[in-house]
1. Kirkwood Rh over Cα pairs of the range 97-225 into Stokes-Einstein at 25 °C, 0.890 mPa s: D in µm²/s?
2. Can you pull the three principal axis extents for the Cα set of the range 159-227, in Å, largest first?
3. How large, in percent, is the carbon and sulfur part of the accessible surface of the chain at a probe radius of 1.4 Å?
4. Gain in length, Lys294 to Arg81, computed as 0.36 nm per residue apart minus the alpha-carbon separation, to one decimal in nm?
5. Thinking of the chain as a set of Cα atoms, what percent of all their pairs are more than 29 Å apart?
6. Mind checking the per residue accessible area of the chain for me, 1.4 Å probe, whole number of Å²?
7. Using a Cα-Cα cut-off of under 19 Å, which aspartates and glutamates could be cross-linked to Lys294, ignoring same-chain neighbours fewer than 8 residues away?
8. Taking H placed 1.01 Å from N in the peptide plane, check which residues at least 5 places from Ala104 or on another chain put their amide H under 5 Å from its amide H.
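The values are calculated or read from the model by the stated rules, or taken from the named source; none is laboratory data. All figures in this text were calculated on a predicted structure; none of them were measured in a lab. Quick note on the areas: whole protein, heavy atoms, side chains included, nothing else; ligands and nucleic acids left out. Shrake-Rupley method; radii C 1.70, N 1.55, O 1.52, S 1.80 Å.
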Amino acid sequence: MAMPLRLAYLVFEVRKPARWQRFMQEMLGLPAPTLHADGSAGWRVDEACQRLVTVPGTHDDLLALGLECTDAAELDRLLERLRDAGHAPRPADLALCRQRGVRALWWLHDPAQGRVELCLGLEQAATPFTSAAFPDGFETGALGLGHVVLVAHELPAMEAFYSLLGFGVTERLDTRVGPVRMRGTFLHCNRRHHSLALFDLPGSQRIHHFMLQARATRDVGRAFERAEALGVPLALELGQHPDPDGTFSFYGETPSGFAFEIGAQTREIDPACWRTMHTQQTSAWGHRPRLRLKLKMARELLKARLRGRQPRSAARGEAL
């Protein structure tokens, strides 16, 4: 079964662009960015002209999630399906298409009012991608850009929306951490185990973390050492997700407070015959939480309760 989508790019609104520039170049080892007229900066992780975009602003959060359709016919079918379901995707103007580095773009909002951009024709860079920090590069191509995990307080509505876009459910997580229930959904749109995950977690940011998949396992270990040397706040130490994902990774904190994950060894699935799995485990080993993460989650739980919402889920500091 051909899957029509792949994660194309992520756009972050950031309050401290200079700190993000250091993070992208020193921690992630990415080449100097392409600067756009609106003040945004586009960062490469592969042969595409940009995959991660930072836009100066007042929020530290995910501004837009970009999904690439494989061809124009698939995009037309997707837009028709959305309209039939009562959504009203809007076409982007030429200026925005240029800033995103795509040939065509339509956008709409998910049930949590997060912006989703459906694009066609991701522009390729004129030169090969190189990184001294990740000499073997990142696993992208037909699998798209790593994955992103969104905070979804209304999990059923969010899952239904992204299923309408063409995502399939890979796994559902339902477990308890102490007295609190934690639920999440892993979604695939190609052979990558999940390009998107939705988790009901306490927190005010739309994004929980994004992940880049290194081709070489050694690059993950080197990145972990680099994070410690640079003083990048670590959330979860080295560990491995259980099968069928199997990712070996660690988690750190971006300059905007949400997390990033660097991983390798992620296994692929066959969407044509995949049956949804159910799990109560987030890590096979490792991924021990640092004190900083424990304190952060305690603050988020307290804020959620003060707002009058008893969260249905919480993180004990294990990876998602």
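1. 146
2. Answer, in whole Å and largest first: 37, 34, 22 Å.
3. 51
4. Residue separation times 0.36 nm, minus the Cα-Cα distance, leaves 72.5 nm.
5. Cα-Cα pairs of the chain separated by over 29 Å account for 33 percent.
6. Details: 13740 Å² over 320 residues.
Normalised by residue count, the accessible surface of the chain is 43 Å².
7. Asp200, Glu228, Glu237, Glu253, Glu261, Glu318
8. Correct list: Leu120.
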